[in-house]
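The values are calculated or read from the model by the stated rules, or taken from the named source; none is laboratory data. In this text, all values refer to a predicted model and were calculated from it rather than measured experimentally. FYI the Cβ positions are ideal-geometry reconstructions off the backbone, even for glycines, and counts take in every protein chain you see. Quick note on the areas: whole protein, heavy atoms, side chains included, nothing else; ligands and nucleic acids left out. Shrake-Rupley method; radii C 1.70, N 1.55, O 1.52, S 1.80 Å.
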Amino acid sequence: MKAIHSVGIVGLGLIGGSMARSIKKHTIATVYGYDLDPEAMALATDAGAIDAPLTRETLQECDILLIAIAPRSLVKWVEDHADAIPTTTILVDLCGVKRYIYKHIAPLARENGFLYVGGHPMAGKEVSGFANSDRELYRDASMILCPDESADEESIDTLKAFFLSLGFGEIVFSTPEEHDRIIAYTSQLAHAASSAYIKSPTSRQRMGFTAGSYKDMTRVARLDPEMWTQLFMVNRDHMIDELQELVDNLTGYLDALKADDPAQLKKLLEEGRDLKVTEPIENC
């Protein structure tokens, strides 16, 4: 297992900024950071989350390179810097989709001799930016890793130890295809449903009528439209499947109400309750 002395982070928003804060709290590694937004760079520096800017020169020192920006920007950054990434560096993207990233980054990694492993920290907030970052954001969360056959055992052990040291509760291994299929349901569908739910005209008359269920349903509607558009579009096949399944299920409730059929409605509600009661308990 390799010791981690220096980590580079591209993107100092909620995810990358929280990574930087967590690394500085839980390890002795030097953190080099880069963000297009000068304010994010200034905030990260003032907070002690990064030790110095990530440049083509400091990139040479990085044992691990974490990239936490939107899919298309991520691919462009790696294309522009692939020749400067050392062969000793492990590149881990922290993006919410994996097939699109793997398709573009894996060939660049092979051509330039560095190791690429797809990653996805299963933690977040409905707000973005470094100002909302949290050094304990990843406490007890799961970290998904999608290594391919090019990943050696020592590198995987290094990544496992590194992420567990930041407070992650478990490391989950997957493939890009499996990741995108499941994440369309567990994350992306929830964001789409929340965005659609809040559009009801009744939401403008909600004052004094809301409790926990409303807050749970609407929390993630406060999303970054640019980023989530990219995430949805590069995973559109799985998103279409999950959205269609949701529409079909909701139609069943609508049909029962229109038909004045309480027996069918009760049956549908019982089915949902029983599935929730028997689902596996997760610690993330």
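The rows are residues; the columns are (1) touching a helix residue (DSSP H, G or I) at 6+ places or on another chain (Cβ under 7 Å); (2) outside any helix (DSSP H, G or I); (3) farther than 28 Å from Phe232 by Cα.
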site	(1), (2), (3)
Ile9	yes, yes, no
Leu12	yes, yes, no
Ser18	no, no, no
Gly33	yes, yes, no
Leu43	yes, no, yes
Ala49	yes, yes, yes
Ala82	yes, no, no
Filter pass, His179 being buried (at least 16 other Cβ atoms within 10 Å of the Cβ), at pLDDT 95 or above and out of contact with any strand residue (DSSP E or B) (no Cβ under 9 Å at 6 or more places or on another chain)
no
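Listed here are the residues, each with its yes/no results for (1) free of Cβ contacts under 8 Å to residues at least 24 places away in the same chain; (2) out of contact with any Asp or Glu (no Cβ under 6 Å at 6 or more places or on another chain); (3) under 28 Å from Asp140 (Cα atoms); (4) not hydroxyl-bearing (Ser, Thr, Tyr).
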position	(1), (2), (3), (4)
Ile23	no, yes, yes, yes
Ala29	no, yes, yes, yes
Ala42	yes, yes, no, yes
Ala47	no, yes, yes, yes
Ala52	yes, yes, no, yes
Leu59	no, yes, no, yes
Cys62	no, yes, yes, yes
Ala70	no, yes, yes, yes
Looking only at residues in the stretch 187-206 that are modelled with pLDDT under 90 and more than 30 Å from Gln230 (Cβ to Cβ), which one is most open to solvent (accessible area, probe 1.4 Å)?
Gln205
Taking the stretch 207-260 as the search range and keeping residues that are part of a loop (DSSP other than H, G, I, E, B) and touching a helix residue (DSSP H, G or I) at 6+ places or on another chain (Cβ under 7 Å), which one is most open to solvent (accessible area, probe 1.4 Å)?
Leu223
When the residues of the stretch 139-176 are narrowed to those that are of a type in the set (Phe, Trp, Tyr) and crowded, with 16+ Cβ neighbours inside 10 Å, which ends up farthest from Pro107 (Cα to Cα)?
Phe168
Just checking, does the stretch 163-171 include any residue being part of a helix (DSSP H, G or I), under 18 Å from the mean Cα position of the chain (by Cα), modelled with pLDDT of 95 or more and closer than 29 Å to Thr88 by Cβ?
yes
Residue among Lys267, Lys276, Lys160 that alone is part of a helix (DSSP H, G or I), charged (D, E, K, R) and touching a strand residue (DSSP E or B) at 6+ places or on another chain (Cβ under 9 Å)
Lys160
Going through the stretch 113-123 in order, the residues found to be farther than 16 Å from Glu170 by Cβ and surrounded by 17 or more Cβ atoms within 10 Å (Cβ to Cβ) are Phe114, Leu115, Tyr116, Val117, Gly118
